[in-house]
Amino acid sequence: MLNIGHRGAMGYEPENTLLSIQKAIELGADYVEIDIHLVDGQLVVIHDETLDRTTNFKGFLANYTFEELRKADAGKGQQIPTLDEVIELTKNKVGLNIELKGKGTAQPVQRLLSRLTTEHKSSILVSSFHLHELMLFKELDKTVRIGVLSNKRIEQVLPNAVELSAFSINIGTKAATQLFVDKAHQTGFKVYVYTVNTVEEQLQMKNLGVDGVFSNYPDRVLDS
Ligand code: G3P
Ligand code: CA
C-alpha cells in the first residue's frame, strides 16, 4: 500500500509546513499530501481558508497580502510555505499529492507544474473535492495524474472519475466499503483512503484491498 503522509507528518510537526513534509520524508512516506490556496496571486500551502487554527494570525487568507502571510507563524516558527518550496523540497525524494483546496487553484498549479520534467510530473497527483477545479486542470494538462476526492457513494463518484480519466479515487474511511473498492478497481481506479492512523485501521483497509492510505503518522504505516 502506498504510504501517504497527511499534510506532511502532521501527527509530529505543524501541518502543511516544510518541517512536517521533511518529517514525512524521513519517516519513509512514499508520497506527501498538502493543501493549496491561491492568495494574492501566490500558491500557498495551508488547509483552512482562515488563519486562526494553524497560525498566530487571525481571519481570512484573502484579506492578507502574500508578504503579510509570510510573517505568520504556522507552528515552531515555520512560515506558510509556497507550492514552489514544497516542490523543491520533495523533488527526487518523495511523490507529491497536491490537493486543490481553494478556488482558482487549477490554472496556476498547472502553470507551475508545466515547468517540471515529464519524470518529475509523473510523481505528482493532483486531487480535489472541487470537480470544477479538476475539470479545468484536466483541460489544461492531460498528463498529470488526477485523484477525485469524494465521500459520496461509488455510483455517484464513478461517472466523475471516468469523465476526468482519473488515476485514483480518494475517500474517507467511512466511505471505504468492499463494494466501493471493488467497483473502483473494476473500473480501473486506485483507491486511497484518509485518514488512517492506527495499525488496526490499516489492517482493515488492507483487507478491503485499498491501494494506499493517508496517515498523520507515516511511520505507523506498515510495509505491505
Ligand atoms: O486528501 C485527503 C484529505 O486530506 C482530504 O481531507 O480535510 O484533510 O483536506 P482534508
Ligand atoms: Ca487535504
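The values are calculated or read from the model by the stated rules, or taken from the named source; none is laboratory data. As the structure is a prediction and not an experimental result, all values here were calculated from the model. Here Cβ is always computed from backbone atoms with ideal geometry, including for glycine, and neighbour counts include all displayed protein chains.
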Within region 188-211, how many residues turn out to be touching a residue at least 12 places away in the same chain (Cβ under 8 Å) and at positive phi?
1
Within region 61-84, identify whether any single residue is away from ligand 1 (no atom under 15 Å from the Cβ), under 25 Å from L149 (Cα atoms), aromatic (F, W, Y) and modelled with pLDDT of 95 or more, and answer yes or no.
no
Hey, could you check region 132-148 for residues that are more than 17 Å from the chain's Cα centre (by Cα) and within 10 Å of L113 (Cβ to Cβ) and say which is surrounded by the fewest Cβ atoms within 10 Å (Cβ to Cβ)?
T143
Would you tally the residues in region 42-77 being closer than 14 Å to T17 by Cα, away from ligand 2 (no atom under 16 Å from the Cβ) and among the aliphatic types (A, V, I, L, M)?
3
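Are any residues in region 195-210 buried (at least 18 other Cβ atoms within 10 Å of the Cβ), touching a Ser or Thr at 6+ places or on another chain (Cβ under 7 Å) and not hydrophobic (A, V, I, L, M, F, W, C), and if so, which ones?
T195, N197
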Filtered residues of region 91-131 (kept if within 16 Å of ligand 1 (Cβ to nearest atom) and among the hydroxyl-bearing types (S, T, Y)):
T105, S127, S128
Name the strands (runs of 3 or more DSSP E) wholly within region 28-140 that hold at least 3 residues that are of a type in the set (V, I, T)?
31-39
Test for T117: is it closer than 22 Å to L43 by Cβ and free of Cβ contacts under 8 Å to residues at least 12 places away in the same chain:
yes
Which residue out of V181, V148 is within 16 Å of ligand 1 (Cβ to nearest atom) and of a type in the set (V, I, T)?
V148
Sole miss for I25 among (1) of a type in the set (A, V, I, L, M, F, W, C); (2) under 21 Å from L112 (Cα atoms); (3) in contact with a Lys or Arg (Cβ under 6 Å, 6 or more places away or on another chain); (4) surrounded by fewer than 23 Cβ atoms within 10 Å (Cβ to Cβ) is condition (2)
